[in-house]
1. Please give the helices (runs of 4 or more DSSP H) falling wholly within the stretch 1-59 in which 2 or more residues are free of Cβ contacts under 8 Å to residues at least 60 places away in the same chain and of a type outside the set (A, V, I, L, M).
2. Going through LEU174, LEU186, LEU170 one at a time, which residue ends up being surrounded by fewer than 19 Cβ atoms within 10 Å (Cβ to Cβ), under 24 Å from LYS279 (Cα atoms), in contact with a helix residue (DSSP H, G or I) (Cβ under 9 Å, 6 or more places away or on another chain) and touching a residue at least 40 places away in the same chain (Cβ under 8 Å)?
3. Of all residues in the stretch 222-231, which are crowded, with 21+ Cβ neighbours inside 10 Å and of a type outside the set (A, V, I, L, M)?
4. So, ASP316, is that one surrounded by 13 or more Cβ atoms within 10 Å (Cβ to Cβ) and either touching a Gly at 6+ places or on another chain (Cβ under 8 Å) or among the polar types (S, T, N, Q) (or both) or not?
5. Among the residues of the stretch 364-383, write down those that are under 13 Å from the mean Cα position of the chain (by Cα), under 14 Å from ARG340 (Cβ atoms) and assigned to a loop (DSSP other than H, G, I, E, B).
6. Being more than 26 Å from TYR165 (Cα to Cα) and at pLDDT below 95 narrows it down to one residue among GLU267, GLU263, GLU200; which is it?
7. I'd like the full set of residues that are of a type in the set (Lys, Arg), closer than 29 Å to GLU204 by Cα and surrounded by 12 or more Cβ atoms within 10 Å (Cβ to Cβ), limited to the stretch 10-41.
8. Please go through the stretch 125-144 and give me each residue that is of a type outside the set (Gly, Ala, Ser) and part of a helix (DSSP H, G or I), ordered by number.
Amino acid sequence: MISKLYLELERELRYNKRAAEAVKNRIHRLFTEYSGREGVERLKIMDFCGTHEWSITYYGLRSLMPRGLELVAGPGCPVCVVPSHYIEEAIKLSFEGVVVYAYGDVYKLRAKRSVKGAFSLSEARSLGGDVRVVQDILSAARDASSHGKPSVFIAVGFETAAPAYAWAILRDHLPENLKLLSLVKLTPPAMFYSLEVSREKPTEPPISGVIAPGHVSTITGAKAWVPVAENYGIPVVVSGFEPLDVLVSILEILRQLVAGRAEVVIEYKRSVSWHGDVKAQSAVNRVFEVVDDAWRGIGFLPKSGLRIRDNYRRHDAFAEYGVRELKPGMWEKDMPPGCRCAEVVLGKAYPTHCPLFMKSCTPLKPIGPCMVSIEGTCAIWARYGSREFLDELAGEIGEAG
Ligand code: SF4
């Protein structure tokens, strides 16, 4: 149960304007000091997690940043990076008499190619496939045991979601007729990749600091990000999700940059520890093995996915229903024509750079994967405003920069 003290703290972190103002001013001072000393005009900080991007956009935090300090979103939306291939495989199963269970956003995710006229699981359902939306794996388990038909649950998510899947298997909650299609992804390899590509374009500033995901770190522990700080020489702050959490994390990144340090710091201490949830980690390790995995629009990243181990193969949809794995040789760019989601998830483009944004691609009629889930950057910008116009306006009247 959430304690009263905890709720009060969350309220403070959301509504304490005086503290926010003080932190904002300090961010401006440190940015001026750092940019003047280093001769840099622009600095990029990546927020990795979809929920951080939500907070930044919803609360308009970009408009509080000094001119030249950019907050870019990373690949922190697990639905956005599910390859089209697996959606196609799931649609196929639904037409072959297998009951397919999916989260609501996976249900709406569009594949690149249609299967028997269906581009998504929702279209498959309207064409006669048995697709059911569930909120969690236990709901799927309950429903599957009630009808006994061959069934599959599409297990999407990052390290945060994996323990629930592992425990469902270890505690024998899955009926024999329900198999798991594990598409779970691991976040550190994607962060390494994002940082690599941010250094490719000499005309663009590389990412100089990372706001690391709070939910994922609750499971992995902050120690998971040490290689980022060590190998790339940039500060990493594990942040909470309230606006003041994020502002304090940005401040800490700037403090480290000014001091010439590159360390992992936990701002989200009320939830994250250095070593994380060791019990959850052990359950995940028992059930899953780490594999090279494909990320939509990005390609194969080494050691970035989880598949069910052989010991538990009777629960594995790949083994039991012959779902085909995507192999590097089969890989192709799997974004719809014109969609710039591959760049959006790597922080190389903002949603407003996409010519389809809020024209043909909207939350009601998404074309690309970043417009589907509430954690997708395009969907967040579409709902809460890109702030680009407001930022410009604020700059002009002297309220920002
Ligand atoms: Fe892709 Fe739509 Fe975002 Fe464009 S607006 S990048 S089409 S998801």
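The values are calculated or read from the model by the stated rules, or taken from the named source; none is laboratory data. Please read all numbers here as calculations on a predicted model, not as lab measurements. Positions of Cβ are generated from backbone atoms using ideal geometry, with glycine treated the same way; all protein chains shown enter the neighbour counts.
1. 4-15, 17-38
2. LEU170 is the lone residue from the list that is surrounded by fewer than 19 Cβ atoms within 10 Å (Cβ to Cβ), under 24 Å from LYS279 (Cα atoms), in contact with a helix residue (DSSP H, G or I) (Cβ under 9 Å, 6 or more places away or on another chain) and touching a residue at least 40 places away in the same chain (Cβ under 8 Å).
3. TRP225
4. no
5. Within the stretch 364-383, GLY376 is the sole residue that qualifies.
6. GLU200
7. Once the filter is applied, which keeps residues that are of a type in the set (Lys, Arg), closer than 29 Å to GLU204 by Cα and surrounded by 12 or more Cβ atoms within 10 Å (Cβ to Cβ), the stretch 10-41 yields LYS24, ARG26, ARG29.
8. ARG125, ILE137, LEU138, ARG142, ASP143 - these are the residues of the stretch 125-144 that are of a type outside the set (Gly, Ala, Ser) and part of a helix (DSSP H, G or I).
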